[in-house]
Structures are given as structure tokens and as C-alpha cells.
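The values are calculated or read from the model by the stated rules, or taken from the named source; none is laboratory data. Keep in mind the model is a prediction, meaning the values are calculated, not measured. Here the Cβ positions follow ideal geometry from the backbone for every residue, glycine too, while neighbour counts run over all protein chains shown.
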Amino acid sequence: MNENETISGANRAGKDGWEKVYEYRLLYASTAQTPLTMRMELTMRDQVAPEHLQRATDATLLRYPYFAVTLEKVEGEYYFAPNRQPLTVKPSADKCALGSKGNRRHLVAVDYEGKTIGVDFAHFLTDGDGAYHFLRTLIHYYVSFAYQVTLDRTGIRLLGDPIPQEELAPVPEDIPLPPLHRGDGAANALLLTSDRYEPVLHHFVLPEQEFVAYAKSLGATPNVLTAIFADKILRKVTGDDQTPVRVVICVNERHALGLEAAHQCLVGGAVLTFDKDGEDLPLPELAKRMRASLKERTASEAVLTNVTALRGLTAKLCSFPDDKERAAFSTEIREYAAKTLSATVSYVGKANFGAAEEYVEDFVTVAMAASPLLFELSAVDGKIALDLIRPDPNEECAVELQRILQEIGIPYDYKGARPLDLPQVELPWIESER
């Protein structure tokens, strides 16, 4: 659609497959240096067969029509519009930016190199929950085609299944939400500082059974245990045992909103604060305190209050008349968060690739958070894939995590570090920066 088209954007919403963008904050927060995108990499047990990966991609995209879209601007608002162009699987070396002509303007991309399949998503399109559903279908089809096997499809969405209306529908604007309780503002937080920005991903693989069992022995959950790791790592690396460590746990908002099948990006956060008093507590008592705090902050009322706050930010953002002003405001929000959050923990849970999991040797999640330190976790085929992402190549955080794992007796395989290679996304205000 060109900018002169006269069809009302409001009339387009929900019609002919058009859907208004829900997550404006993530849309405008992307920059050339820090694109808000996600990348998942699956290392298969054999070399990837491109022809079978293309067949799997074709079938998967047909199953998820709301991911086969382009980004269109109509009357100052952004919409996802159906993209009927095929999504071509590419060698990883030939990857193009999401939303670019080279990717036929798709906001999802699939590539391969050796034994690795890579899948990229624009974060304003979906979140980890939506991305995992797409991956489950893609890997199910790929393994079925490449190995000529019939897999149990329990829990896997496949082409030909009826798509529930709840999965297709836009997020309602009239969901009853509680009023926003004005607090005293965010407190200061212990931050990992760096003189340069060259983000690095450290990849660990842990046995799921031992990791979960140790968390349970403390009365914790995997995400709470990882938050405790973050606290201990930051204390050791900075030498500061006084400043509070504020760790945000990513929270799926679907249950609280009553939108369990929704495909949009519906992720919020619950902040756990580790203060000086907690540092003196025995580990089981600290874990118990933090789990109770997380339970309180992830109760439906608390999650909905957070949605109220985020919608208020979105309304403020959309009050600016043009893209550059909106992007500047989003940057201010992210910079503020970066000064008040010490670390982020994202744990989607089990990947649930089903019968195809035995063909997957490793799994990596590449993403970006507002905080200086990010922990991405997922459970795949009896293993926990733990990715620690920090803003520079310094290895001290990875070294300290290894020391902690050795101390508590959890075996691990440290796969090493690599530069953070996030997929780019082509947006008008980003292109003007280049």
C-alpha cells in the first residue's frame, strides 16, 4: 500500500487479515545498534537439508497466517498486512534484515548453516511464546520431511487444523484493567558498566533434571534460581554489596488477560529486589523470600496493573505526531530502564518440540534486554540451554557463573562465547540512522 491510499486505517483493523500493531513500544524501541528482535538457533544432529527446510517453512507459514505479514503505515498508524510472497530460506551468510525487500518484507526469517537452523522474529510481532509455537511446527515438519518419519504430533499445531478464533483475534482494547497505583518510582540498582558496547553471548548447557531438582531443594523455581545467580554474579564482579540488585523476570501476560491462545507480544515483567539484608540470609531462606515475592508480582491483579502502566506508556508514545519523535521517546524509556534494572531473566520453560526433540542437539536464544545483563533459558530434550548475554567481551560474568555451578554441584558444559549477532529490522527511522 502506498502512503496516498485513502482506505481508513480504522476500517482496515481486523478486516481482510489486517491487524493493528499492539506493541508500539517494541516497534519504536529498535535502533540500528540495538534492534529489538529475537533469534532462535537449533543445532540438528545432521547437516541441514535446504530443500526440506524450505518445504517445512512453506507449510509452517501457511499454518501461522498472522506471521506471514508486512508492516504497513496507514493514516499515521501501523498495521500488519497479509504478505502473500513466499518466504525464501537462505544460507546464514546471505541473511537480510527483517522487513526488507531482500526478505520480501517478511518479519520472520529462516536460514541455515551446517547443522544449524536459525529463525528470526521482529519482537513487536510476537514474543517467546508465539515464537516457540512457530518453531515446534517448523521442526516437526522439517524432521518429518528430512528423515521421512511419521512423528507423534501431540501438542504441535499443524497445517489443516482449524485455527481457533482466539488465536487469530487482535488483543481487545476494552479489557477491564485496574487503576495504576503510583509508587515512589524505581530505586537505584547495581549496574554492570562497560566502556564499550560489543555484546557477547555465553552459551551453557546444563542437565535439566539436576538444575530443576536443585531449585526445588531450595524451594525455588528455575527463574528464581537464575535471578539469585545474577545477584551473586553482580556482587562478585562489581565488589558492591550495598546497592540493591534489581532483576526483572519476564512474565507471560496471557493467563491474566484471559488470552491463552493469543499470538501477539504479551510479555511483561516482575522485578525482584535483592538488598543488603538478603545478602546475609542462608540460600534456602533467600530463595523462599524471592519466590514469595515473584508469586505476589505475578498474581493476576499485579500483572494487569502492569498492563495498565504499559498501555499508559503506549498512549503517551502515540501522542507524538511522527515516527522520529516516537522513537526518541521509546529510547528514553529504554535508557531509563537500563539505569534501574540490573539484569533480566527470560525462561519460557520447556521447548516442547515433541517427538522431534531427539533430532535436536542444541538450542540457543539470541535477544536483547534493556538491562545490562540478560539470561535466556529453555529446556530442550532433557537439557537446560542457558545463554548469558552481556554488553562487552569481558568474561568475568561467565567465569563467576561457572564457579557458582561448580560450588553447588550442578554439572555444566560451557560452549564458549561469541559476538551477539541479532537480526536487523528495516524501519524508516532506523534507515535514517545508517
Select the helices (runs of 4 or more DSSP H) contained entirely in the range 274-387, then report the ones holding at least 3 residues which are among the hydrophobic types (A, V, I, L, M, F, W, C), farther than 30 Å from TYR112 by Cα and not assigned by TED's automatic domain parsing to the domain that holds THR116. 283-297, 300-318, 323-340
Return only the number of the condition from (1) over 28 Å from ALA370 (Cα atoms); (2) in contact (Cβ under 8 Å) with a residue 60 or more places away in the chain that ASN83 does not satisfy. (2)
Residue among SER371, SER342, SER300, SER346 that alone is of a type in the set (S, T, N, Q), on the phi < 0 side of the Ramachandran plot and touching a Lys or Arg at 6+ places or on another chain (Cβ under 7 Å): SER342
Kindly establish whether GLU395 is out of contact with any strand residue (DSSP E or B) (no Cβ under 8 Å at 6 or more places or on another chain), outside the structural domain of ALA97 (by TED's automatic domain parsing), over 27 Å from GLU358 (Cα atoms) and acidic (Asp, Glu). no
Search the range 383-434 for residues being under 26 Å from PHE124 (Cα atoms) and small (Gly, Ala, Ser), and hand back the single one that is modelled with the lowest pLDDT. SER432
By residue number, the members of the range 271-290 that are under 15 Å from LEU225 (Cβ atoms) and within 22 Å of the chain's Cα centre (by Cα) are LEU272
Regarding the range 222-230, can at least one residue be identified that is closer than 30 Å to GLU19 by Cα, within 15 Å of the chain's Cα centre (by Cα) and in the same structural domain as LYS350 (by TED's automatic domain parsing)? no
Of all residues in the range 196-214, how many are modelled with pLDDT under 95 and acidic (Asp, Glu)? 1
Mind listing whichever residues of the range 122-141 are of a type outside the set (A, V, I, L, M, F, W, C) and either outside the structural domain of LEU26 (by TED's automatic domain parsing) or closer than 13 Å to GLY354 by Cα (or both)? TYR132, HIS133, ARG136, THR137, HIS140, TYR141
Evaluate the following for SER346: is it among the hydroxyl-bearing types (Ser, Thr, Tyr), under 23 Å from ASP46 (Cβ atoms) and modelled with pLDDT of 90 or more? no
Regarding the range 90-97, can at least one residue be identified that is farther than 29 Å from HIS255 by Cβ, without any contact (Cβ under 8 Å) to a residue 60 or more places away in the chain, touching a Phe, Trp or Tyr at 6+ places or on another chain (Cβ under 7 Å) and surrounded by fewer than 21 Cβ atoms within 10 Å (Cβ to Cβ)? yes
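Here is a yes/no grid of residues against (1) assigned by TED's automatic domain parsing to the domain that holds PHE134; (2) closer than 30 Å to THR60 by Cβ; (3) crowded, with 21+ Cβ neighbours inside 10 Å; (4) not β-branched (Val, Ile, Thr):
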site: ASN188; (1), (2), (3), (4): no, no, no, yes
site: LEU191; (1), (2), (3), (4): no, no, yes, yes
site: ALA215; (1), (2), (3), (4): no, no, no, yes
site: LYS236; (1), (2), (3), (4): no, no, no, yes
site: GLY239; (1), (2), (3), (4): no, no, no, yes
site: ARG254; (1), (2), (3), (4): no, yes, no, yes
Just give me the residues in the range 410-427 being over 21 Å from the mean Cα position of the chain (by Cα) and either in a strand (DSSP E or B) or of a type in the set (Asp, Glu) (or both), in sequence order. ASP413, TYR414, LYS415, GLY416
Could you pull out the residue among PRO178, PRO199, PRO170 that is of a type outside the set (A, V, I, L, M, F, W, C), over 26 Å from THR57 (Cα atoms) and within 23 Å of the chain's Cα centre (by Cα)? PRO199
Checking ALA146 against (1) outside any loop (DSSP other than H, G, I, E, B); (2) within 21 Å of the chain's Cα centre (by Cα), which test does it fail? (2)
